[in-house]
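Asker: One structure follows; several queries about it will come next.
Nothing in this text is a laboratory measurement; each read-out follows from the coordinates by a stated rule. Just so it is clear, the model here is predicted, and its values are computed rather than measured. Glycine also receives a Cβ, built like all others from the backbone with ideal geometry; neighbour counts cover every protein chain displayed.
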Amino acid sequence: QFKRGKKSDSGTDRNLSGDTLILLTVICIAIILGIYSKVLGDVGQAMIAGTAMIVLSFFFTAVASYIVGLVGNSNSPVSGMTITAVLATACLMTVMGYGGQAGIVATLCVAGVVCCVACTSGDVCNDLKTGALVGASPRSQQIAQIFGVGSAALILAPVLTAINKSSVLKYGGIIGQVPEIPAPQAKLFASLANGFFGTGQLPWNMVAIGAGLGVVVLVIDRF
């Protein structure tokens, strides 16, 4: 068993301390809430979006980790989890009385973070399992993962911003409007958000069929 934060003769049973993980979690949540508040311009809506983000991220971390343990990182259904986040957040925003453009932005803000959480948690679990097989130190891996995620965030933002500006200058629209880059998943998420807050229509029959099939599969697996 792992002994969190305790030294041992071999580094294979050492993890980052619980206090360190809690501190990092609080810092990340505070930064995300600050971004939500600035983007949405409404502290109340930012808190609702932040609550949805925390709850969904908690559960989808477990789901992504479990699936990676079963079938591998490349088969983790991140898109499915993101779709669920869009639907759940949109429902919550509607119930709380937030609609229109503000509801769409809040929904996509939550979905973006939840998508990154699902991807990262699966990757981290895959790396830690590999490390356990070869005798690596979990603590060292965790520190490297923190620096990896942080550096990726600092690099991705300016690169995507530059690509987006180039797209606007060349095509007059953002990345998803470039003919050579149709971005089907992004259009799917946008269609879901518009179905709740815009002029679009959600195929509720397909959503119900999918939910029903999921229940049937769970029942079959149970027996």
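Asker: Rounded to whole Hz and in sequence order, give me ³J(HN,Hα) for region 145-155 from the Karplus expression 6.51 cos²θ - 1.76 cosθ + 1.60, θ = phi - 60°, writing x for Gly and Pro.
Answerer: Per residue, the Karplus-derived 3J(HN,Hα) values read 5, 4, 5, x, 5, x, 5, 5, 4, 5, 7 Hz.
Asker: Quick check on region 46-135: what are the equivalent-ellipsoid semi-axes from the Cα gyration tensor, as sqrt(5λ), descending, whole Å? Spell out each step's value before the answer.
Answerer: Working: eigenvalues 182, 23, 16 Å².
Each semi-axis is √(5λ); the values are 30, 11, 9 Å.
Asker: Strictly over 31 Å apart at the Cα level, which of Lys38/Lys187; Lys38/Lys129; Lys129/Lys187 would you flag in this model?
Answerer: In this structure, Lys38/Lys129; Lys129/Lys187 exceed 31 Å between Cα atoms.
Asker: Let me ask something else. In the calculated pair distance distribution of region 13-64, what percentage of Cα-Cα distances lie above 16 Å?
Answerer: The calculated P(r) of region 13-64 puts 52 percent of pairs beyond 16 Å.
Asker: If we sort 57-63, 68-74, 89-95, 102-108 on the protection proxy, mean other Cβ atoms within 10 Å, highest first, what's the order?
Answerer: Answer by packing, highest mean first, reads 102-108, 89-95, 57-63, 68-74.
Asker: I need to check one value: relative contact order of the chain, counting alpha carbon pairs closer than 8 Å and at least 6 residues apart, in percent.
Answerer: Over the chain, the number comes to 21 percent.
Asker: Which entry in (1) 8, 32, 37, 20, 3, 0; (2) 7, 24, 34, 23, 10, 2, 0; (3) 8, 36, 40, 15, 1 matches P(r) over Cα pairs in 10 Å bins from 0, in percent derived from the coordinates of this structure?
Answerer: Checking each listed value against the structure points to (2).
Asker: How do the peptides 116-126, 36-46, 20-30 rank, highest first, by the average count of neighbouring beta carbon atoms within 10 Å per residue?
Answerer: 116-126, 36-46, 20-30
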